[in-house]
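First the structure, in the form of structure tokens, and then the observations on it.
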Amino acid sequence: MCKILISGYYGFGNAGDEALLSSILQALLELEPKAEITVISGNPSETMSTHKVKAIGRFDMWKIYQAVYSCDMLISGGGSLLQDVTSARSLYYYLSIIALANTLGKRVMIYAQGIGPLRKSLARSTVGRVLNQVSMITVRDHASKEELLSLGIHHVPITVTADAVLGMHPVEATAGRDILASYGVPLDQPIVGVSVRAWKDCTEYQTTLAEALDQIHRETETHIVFIPMQHREDTMEAEAIAKRMTVRSTVLADAYSTTELLSLSSCVDVMIGVRLHALVFSALMETPCLGISYDPKILNFLHMIGEVPVGDLHTLTVEPIVARTVEVLERKTFTKTVLENIHELRRNALENARIAIGMLHDK
């Protein structure tokens, strides 16, 4: 029985990261049903309950050492772990686990990560030094590969795949419809889903987005529904925008599972997203999505599916949001080219697990 240890931003109630973990586990266990998987988590009991795997505490360094020592492979990912914009401390935390596995001679795979931004010279040199010693790297976009090459990582295979969530199985719309109905959302009219997040001191966009959503409602008679990817934090941001609107909207205020969020994504006619995984969930469910960029990962994902953002969080204007949303509502689907790109990315997403299991069998 092979032992796999997974390191990532898990156990913190972030829907995108929990979906990543679900997708990684689903893909690995379909290929290797007897694999014994342990996850490093901020909330081990919740991770064990939700994902039905072993879990150890994020800062229980003795248990982490034991888990690395006894594993056959360390998977670091997915997500945006290796960046120094949100926190340099977390960057060095993830690197320390990778470095420990390197030192102990373990197979190490950087799994479907988005790399960067890496702004400080120490961060860049440390990432380059540590990652040059791993066994395999897969990244979710071409920009991440270019960043790795710029760091001098030339001794490790680097494969561009796709965000691991795109490899998940689509779900039925039933759960999403039930949630919307419980909030009194009219299911007989078009629905615009909105997923927002707080970002540093950026608040001016709230008024702009509120004005755009008001105008979209007036022009298309749609109902606006805010869908939180990170419970409480995103709900508070959504409520701040809803208060600035003049028309009625609905803010979903509960914590939702990956399955429920995917189902909700299938129930809206278009998703306007600041959160990356709101866009990824929509793409997986083939619901048209419009991205508002605040980080290169949004631009990179939209580029991969053949779309462009409706604006940047810091310079957002009303007109592009309204025009693009009205256009999508009239078209009712992605363009043929975008759908073809999404289907290719779904195939590429499954390649992450195939590479990982292939490494385990390649002794």
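Readers should treat all values here as calculations from the given coordinates under stated rules, not as data from a laboratory. Predicted, not measured: the structure shown is a model, and the values here were computed from it. Ideal geometry is used to build each Cβ from the backbone, glycine not excepted, and the neighbour counts take in all protein chains shown.
Quick notes on this one:
- 222 nm mean residue ellipticity, helices alone, for the chain (DSSP H n ≥ 4; -39,500 (n - 2.57); rounded to 500): -15500 deg cm²/dmol
- For segment 174-344, the relative contact order comes to 24 percent (Cα pairs under 8 Å, sequence separation of at least 6).
- Val134 sits among other residues whose Cβ lies under 14 Å from its own Cβ, and their net charge, with Lys and Arg +1 and Asp and Glu -1, is +3.
- Taking the chain and dividing mean pair separation by its residue count, relative contact order in percent (alpha carbons under 8 Å, at least six apart): 16
- In segment 200-275, trypsin sites (Lys or Arg not before Pro) in a DSSP loop with at most 11 other beta-carbon atoms within 10 Å: Lys200, Arg232, Arg248
- Shape call, segment 152-271: gyration tensor on alpha carbons, a/c limit 1.5: oblate
- On Cα atoms only, tilt of 61-70 relative to the major axis of the chain in degrees: 70
- Taking a ≥ b ≥ c as the square roots of the Cα gyration tensor eigenvalues, the chain comes out prolate, since a/c reaches at least 1.5 and a/b is larger than b/c.
- Distant-in-sequence amide contacts of Phe226, defined by a placed amide H-H separation under 5 Å and a gap of 5 or more residues or a different chain, comprise Val194, Thr250, Val251, Leu252.
- Local electrostatic count, Gln189, Cβ distance below 13 Å [Lys/Arg +1, Asp/Glu -1]: -2
- Database remark: amide H of Thr159 closer than 5 angstrom to the amide H of Ile137, Thr138, Val139 (H placed geometrically; neighbours at sequence offset of 5 or more, or on other chains; Pro and chain starts carry no H).
- Loop-resident GluC sites (Glu not before Pro) (DSSP state other than H, G, I, E or B) in segment 281-363 with no more than 16 further Cβ atoms inside 10 Å of their Cβ: Glu286.
- 3J(HN,Hα) from dihedral phi, segment 194-209, Karplus parametrisation 6.51/-1.76/1.60, rounded to Hz, x for glycine, proline: 9, 10, 10, 8, 6, 9, 6, 9, 7, 10, 4, 5, 4, 5, 4, 5
- Net charge dipole, segment 1-89: roughly 200 debye, given to the nearest 20, about the Cα centre with Cβ charges of +1 for Lys and Arg and -1 for Asp and Glu.
- Our coupling estimate for segment 144-153, obtained by passing each phi through the Karplus curve with A = 6.51, B = -1.76, C = 1.60 and θ = phi - 60°, is 5, 5, 4, 5, 4, 5, 5, 8, x, 8 Hz, Gly and Pro reported as x.
- For chymotrypsin sites (Phe, Trp or Tyr not before Pro), the sites in segment 15-91 that DSSP calls loop and that have at most 14 other Cβ atoms within 10 Å are Phe59.
- Counting only Cβ charges, +1 for Lys and Arg and -1 for Asp and Glu, the dipole size of the chain around its Cα centre is about 1340 debye.
- Pairwise label distance in nanometres, Lys52 with Leu149, each label 7 Å out on the Cα-Cβ vector: 4.2
- Separation of alpha-carbon centers, segment 73-112 and segment 310-363, rounded to whole Å: 25
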